[in-house]
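As structure tokens, the structure follows; a few thoughts come after it.
Just so you know, all these numbers are worked out from the coordinates, no wet-lab data involved. On a predicted model such as this, the values are computed, not experimentally measured, just so you know. Using ideal geometry, Cβ is built from the backbone for each residue, glycine included, and neighbour counts are taken over all protein chains shown.
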Amino acid sequence: MDKESRIPKHVSIIMDGNGRWARERGMERIQGHLVGADSLKAVTEECVAQGVKYLSVYAFSEENWGRPAEEVSFLMGLLMKKVHEEVSLLMDNGVRFVVLGNRARLSRDLDDAITGLEQTTAKNDALTMIVFISYSGKWDILQAAKKFARKAVEDPSIIDDFGFPEFDSLLVTGGIPDPDLIIRTSGEQRISNYLLWQGAYSEFYFTPVLWPDFRKEEFRQALNEYSTRDRRYGKVK
Ligand code: FPP
């Protein structure tokens with residue numbers, strides 16, 4: 001890999017293992033989420049330090065709405081708390097904050113607070129932090145397909161020349177480069193309906209470390225491993 005591309009432009013993380021981390025310590029699952037939020041802070045700072053331009057994290061899947069009501073409400077409350085508390089962390093580090101997913105399912109208060117933080121941080125350009133909430137890969141592809149269908153009904157002449165870049169722009173990630181590296185913690189080795197389209201050529205890094213224990217050193221190890229990968233995109237060198 002040439003020197004330029006050794007640092008991935010976009011790192012995406014499936015932050016898994018909070019519940020197990022808490023259970024191993026005889027704590028409630030929510031304690032794992034609380035400590036997991038500190039890991040996210042540490043990794044965000046490290047992205048800025050290393051020159052990663054986009055960090056995205058899978059914080060809450062469409063499927064996660066099926067968790068016990070107390071856990072769902074704790075996670076939404078935690079997000080609301082962080083949106084209010086971390087403004088200076090984002091501003092001091094030049095981080096632009098973006099939430100992507102099926103936002104119609106969020107409470108009005110939370111959605112408004114998120115929109116406020118997105119506006120406040122809109123001009124920051126050291127790092128873009130994308131938090132996927134109420135997101136799933138299939139949902140994203142389907143909502144893009146529906147947008148396309150509506151356009152095509154209006155103007156069927158667009159169909160023939162509608163290609164990948166045009167479809168990319170209809171996904172909620174439109175304008176954001178595809179992830180170069182997808183990290184999943186806690187030993188699980190699957191995509192779990194995450195960035196199905198966008199991850200077509202991502203490198204994967206799986207680690208047994210549980211998310212609350214994943215800090216700067218573990219993140220540096222992942223970047224180090226990435227720098228040794230030979231990315232061919234289906235071609236030959
Ligand atoms: C997966 O662990 C983690 C989640 C579903 C929530 C992730 C949320 C955070 C790290 C909180 C901080 C985030 C923000 C944006 C404030 P799990 O509960 O599935 O763990 P398990 O597989 O061990 O049960």
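Neighbour counts of other Cβ atoms within 10 Å put H33, H84 in the fewest-to-most order H84, H33. Taking a label point 7 Å from the Cα of K151 along the Cα→Cβ vector, which residues of segment 160-178 have an amide N closer than 14 Å to it? 160-175, by backbone N distance to the label point. Just from its helices, what would the mean residue ellipticity at 222 nm be for the chain, if runs of 4 or more DSSP H residues each count -39500 (n - 2.57) and the sum is divided by every residue, rounded to the nearest 500 deg cm²/dmol? Result for the chain, helices only: -13500 deg cm²/dmol. Close amide H partners of K9, meaning residues 5 or more places away or on another chain with modelled amide H under 5 Å apart, are D180. Annotation note: GluC sites (Glu not before Pro) in segment 177-237 located in DSSP loop regions with a Cβ neighbour count of at most 14 within 10 Å are E188. Overall size of the chain from C-alpha positions, given as principal axis extents largest first: 60, 48, 34 Å. Near E203, the amide H atoms lying under 5 Å from its own belong to L181, I182; only residues 5 or more places off or on other chains count, and H is placed 1.01 Å from N. Please work out whether segment 39-176 counts as rounded, prolate or oblate from its C-alpha gyration tensor, where a ≥ b ≥ c are the square roots of the eigenvalues and a/c under 1.5 means rounded, while otherwise a/b larger than b/c means prolate and anything else oblate? Oblate, since a/c reaches 1.5 and b/c is not below a/b. Remark: for residue pairs K9/K138; K41/K235; K138/K235, the C-alpha separation exceeds 29 Å in K41/K235.
Compactness check for segment 140-188: Cα Rg over 2.2 N^0.38 Å is 1.52. Restricting the trypsin sites (Lys or Arg not before Pro) of segment 122-214 to loop positions (DSSP other than H, G, I, E, B) with no more than 14 neighbouring Cβ atoms within 10 Å leaves K123, R190. Only Cα pairs under 8 Å and at least 6 apart count here; give the relative contact order of the chain as a rounded whole percent. The normalised contact order for the chain reaches 29 percent. Applying the Karplus relation 6.51 cos²θ - 1.76 cosθ + 1.60 with θ = phi - 60° to segment 207-212 yields 3J(HN,Hα) values of 9, x, 4, 6, 3, x Hz, where x marks Gly and Pro.
When a/c reaches 1.5 or more, the comparison of a/b and b/c decides; with that in mind, is segment 116-216 rounded, prolate or oblate per its Cα gyration tensor?
The shape class here is prolate.
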